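J.: The following block contains the structure, expressed as structure tokens.
Only the coordinates and a few stated rules stand behind these numbers; no lab work does. Because the structure is a prediction, the values reported are computed rather than measured. Note: ideal-geometry Cβ built from the backbone for every residue, glycine included; neighbour counts use all protein chains shown.
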Amino acid sequence: MKFLRLTLLIASKDLRSEFRTKETLNASLSFALAILVLFSFAFDPDSDMIRQIAGGLLWMVFAFSSALILNRGFAREVPNDCLDTLIASPVSGAQLFLGKTVANYVLLLLVEAVSLPVFGVFYNANWARRIGLLALVFILAAWALAVMGTMFSALTVNLRLRELMLPALLYPALVPALMAAIQLTNLLIAGDTVGKEDQIWFRLLAGFDAIFTLLGLALAETVFVG
Amino acid sequence: MDARNFTFLFYGFLAAWLILIVYVVVIAARESKLRNEIERLRRMVEEREAK
Amino acid sequence: MRNPILYLFAAVAAVLLAWDLYQVFMILPDELNQGMIYRIIYFHVPAAMVAFAAFFASLVASAGYLTTKEMRYDSFSASAIEVGFVFATVNLVTGSIWGRIIWGIWWTWDARLTSMFVCWLLYAAYLLLRRAIDEPAQRARLSAVLSIFAFTDVVIVWKSIEWWRTQHPGPVLSIRGGGGMAPGMQAPLYWNALALALLATILLVLRMRQEAARREIDSLRRQAYAL
């Protein structure tokens, strides 16, 4: 219980400071919208095309715009040695990691919740047909982004080349989750059912989330403290 | 088909060995670089100790 | 390399490889559907086996480093990944050349190929990360964590041909319950795997000595600055 309380304390601290300035959220959202607009020039968005590219387009947007959020998550703690203070505080590494992940997760979900309707308007896509399962995909895949992103931004926060190393590590590691999310989003936006053949993608997403959450919690202390 | 088959088989084995050989060359180059560096530092330490 | 055991390894590997090449090219017949090109498997699969064995060894050594904080585990882990990365490259390149003949294309994005490419990228990122950190203890700690994370993708690569219907052939070796290959055709493959494993061990030992040399350089530098 105490574990969760301190975790939520970290998460709420991050979210409060983010909502006061809204700097990363604004940057990430405007970046997401810019990519959506740019892609509409690259493709001719008729309904057949949308069937094929919806998933790829949306997750590309989320993956790139999330890098801004994930980078800031720990970079914000570097000035004034805030990170050292957090590590010295009674909050454990695992709590700090989970709290940061939750904060990033909320921000990612917000970006997704705004981008999806905008995507629907720009590309004339009727995305609400299978909204329940689509929401499940978004919830699972955003957690994958958040948990991997937080872990790797913790890994790279003290490096000289922080902004360069994070994408080099993060995107390859995310590929299995992104692949699953893209396949499922494609299916669901087209209004198809998820057949037996495609359930493997849900299992992959859930397994990815579970494994990396556990690994992250287990290794957080070593990453922060050593 | 069979002739092309054979050339590509040849390319495959060639590529595999080339990659390994290139790696060995890289290791050898690094070896001599490291050895020179150690020599240089040893001399530097000795010089400074002599002072 | 002054170590006599390394010479012994090199000799055994050379003999095995020569004998295998003779077997594969002179004795074994062409495969029924694929013709000659199937012989690539004798490099393609052993290279993957060696690469994955090296990545697994690095996983174990990384866990060892995180529990004991002994630098030699870190040297081992880094060396194993670098050698494994080379063999993973061999695997990808030979596979691509085979695909050009059998599928008519160099590359296709099925689950096996994609996950293997991701695996390659992840370990490339590992090598990049090591270059980006100067402080040895920090480098050892963070790269050990990354090695543990990256290994999950090796499991995905390994299992991908069972989980998905891929263009890449399914399991053919009887040790994986595939049983698509005649026993006489499988034997040279295992011997080749052994030969490449010996080769990898030699490279690994050489590479670990370089890590030791790097540590010596670090301590000499500190000494020089202190004087």
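J.: From the Cα gyration tensor of the protein assembly as shown, with a ≥ b ≥ c the square roots of its eigenvalues, which class applies: rounded if a/c is under 1.5, or else prolate if a/b is larger than b/c, or else oblate? Don't skip to the end; give the middle numbers.
T.: Details: a/c = 2.24, a/b = 1.15, b/c = 1.95.
It is oblate, given that a/c is not under 1.5 and a/b is not larger than b/c.
J.: Would you mind giving the mean number of other chain beta-carbons within 10 Å of the Cβ of each residue in C:215-221, as a whole number?
T.: Per-residue shielding by partner chains comes out at 3.
J.: Please report, in debye to the nearest 20, how large the charge dipole of chain B is about its Cα centre when each Lys and Arg carries +1 at its beta carbon and each Asp and Glu carries -1 there.
T.: 180
J.: Just flag the trypsin sites (Lys or Arg not before Pro) in the stretch C:142-222 sitting in loop per DSSP whose Cβ has no more than 13 other Cβ atoms within 10 Å.
T.: When the trypsin sites (Lys or Arg not before Pro) of the stretch C:142-222 are filtered for loop state and at most 13 Cβ neighbours within 10 Å, C:R165 remain.
J.: Using the Cα centre of the stretch C:22-167 as the reference point, and only Cβ charges (+1 on K/R, -1 on D/E), how large is the resulting charge dipole? Debye, rounded to the nearest 20. Display every interim value, and only then the final one.
T.: On the way: 11 positive and 10 negative charges, 28 e Å.
The dipole magnitude comes to about 140 debye.
J.: Moving on to the next point. Considering only A:L107, A:L155, A:L136, give the residue with the highest GNM mean-square fluctuation for chain A, with springs between Cα atoms whenever their separation is below 10 Å.
T.: A:L136
J.: I would also like to ask the following. Rounded to whole Hz and in sequence order, give me ³J(HN,Hα) for the stretch A:72-86 from the Karplus expression 6.51 cos²θ - 1.76 cosθ + 1.60, θ = phi - 60°, writing x for Gly and Pro.
T.: 5, x, 9, 4, 4, 8, 6, x, 6, 6, 4, 5, 4, 4, 4
J.: Ignoring chymotrypsin sites (Phe, Trp or Tyr not before Pro) that are buried or in helix or strand per DSSP, and keeping those with at most 15 other beta carbon atoms within 10 Å, what is the longest stretch of chain C between them?
T.: With a cap of 15 other Cβ atoms within 10 Å, the longest stretch comes to C:110-227.
J.: Here is a follow-up. Can you give the Rg/Rh ratio of the stretch A:81-226, where Rg is from the C-alpha atoms and Rh is the Kirkwood radius? Don't skip to the end; give the middle numbers.
T.: Working: Rg = 17.2 Å, Rh = 16.6 Å.
That ratio equals 1.03.
J.: Return the calculated 222 nm mean residue ellipticity for chain C, to the nearest 500 deg cm²/dmol, obtained by summing -39500 (n - 2.57) across DSSP H runs with n ≥ 4 and dividing by the residue count. Don't skip to the answer; put the middle values down first.
T.: Numbers: 6 runs with 173 residues, N = 227.
Value at 222 nm, helices only, nearest 500: -27500 deg cm²/dmol.
J.: For the stretch A:154-218, which trypsin sites (Lys or Arg not before Pro) pass both filters: DSSP loop (anything but H, G, I, E, B) and at most 12 other C-beta atoms within 10 Å?
T.: Filter output for the stretch A:154-218: A:R160.
J.: While we're looking at this one, here's another question. Charges on Cβ only, +1 for Lys and Arg, -1 for Asp and Glu, centred on the Cα centroid of the protein assembly as shown; of A:F31, C:M49, A:A103, which one is farthest towards the dipole's positive end?
T.: It is A:A103.
J.: Round to a whole angstrom and tell me the spacing of the C-alpha centers of the stretch C:76-118 and the stretch A:44-82.
T.: 28
J.: Taking every residue in A:103-109, how many Cβ atoms of other protein chains lie within 10 Å of its Cβ, on average?
T.: 0
J.: When the Karplus curve 6.51 cos²θ - 1.76 cosθ + 1.60 is applied with θ = phi - 60°, which whole-Hz ³J(HN,Hα) does each residue of the stretch A:126-132 get, with x for Gly and Pro?
T.: 8, 8, 8, 5, 10, 5, x
J.: While we're here: Using the count of nearby Cβ atoms within 10 Å as a rough guide to exposure, how do C:I37, A:I69, C:I105, A:I200 rank from fewest to most?
T.: Listing C:I37, A:I69, C:I105, A:I200 from fewest to most nearby Cβ atoms yields C:I105, A:I200, C:I37, A:I69.
J.: Just want the ordering: A:T21, C:T94, B:T7, from fewest to most Cβ atoms lying within 10 Å of their own Cβ.
T.: If I rank by nearby Cβ atoms, fewest first, I get A:T21, B:T7, C:T94.
J.: Which whole DSSP H helices in chain C pass both tests: a Cα extent of 24 Å or more along the axis and a mean Kyte-Doolittle value no lower than 1.0? Can you show the working numbers first?
T.: Details: long enough: C:4-22 (27 Å, 1.85); C:41-68 (39 Å, 1.48); C:71-102 (46 Å, 0.84); C:111-132 (31 Å, 1.04); C:136-163 (40 Å, 0.74); C:183-226 (64 Å, 0.17).
TM-like helix candidates: C:4-22, C:41-68, C:111-132.
J.: How would C:S79, C:S62 line up from fewest to most surrounding beta-carbon atoms within 10 angstrom?
T.: Values: C:S79 23, C:S62 28.
Sorted ascending by nearby Cβ count, the order is C:S79, C:S62.
J.: Which ³J(HN,Hα) values in Hz, rounded to whole numbers, follow from the phi angles of the stretch A:195-205 under the Karplus curve 6.51 cos²θ - 1.76 cosθ + 1.60, where θ = phi - 60° and Gly and Pro get x?
T.: x, 4, 4, 9, 5, 3, 5, 5, 5, 4, 4
J.: While we're here: Using a simple charge model, +1 on the beta-carbon of Lys and Arg, -1 on the beta-carbon of Asp and Glu, nothing else, what dipole does the protein assembly as shown show about its Cα centre, in debye to the nearest 20?
T.: Working: 44 positive and 37 negative charges, 212 e Å.
The dipole magnitude comes to about 1020 debye.
J.: Give the average, rounded to an integer, of partner chain Cβ atoms located within 10 angstrom of each Cβ in A:174-181.
T.: 3
J.: Between the helical axis of B:2-50 and the dominant principal axis of chain B, each derived from Cα atoms, what acute angle in degrees is found, rounded to the nearest 10?
T.: 0
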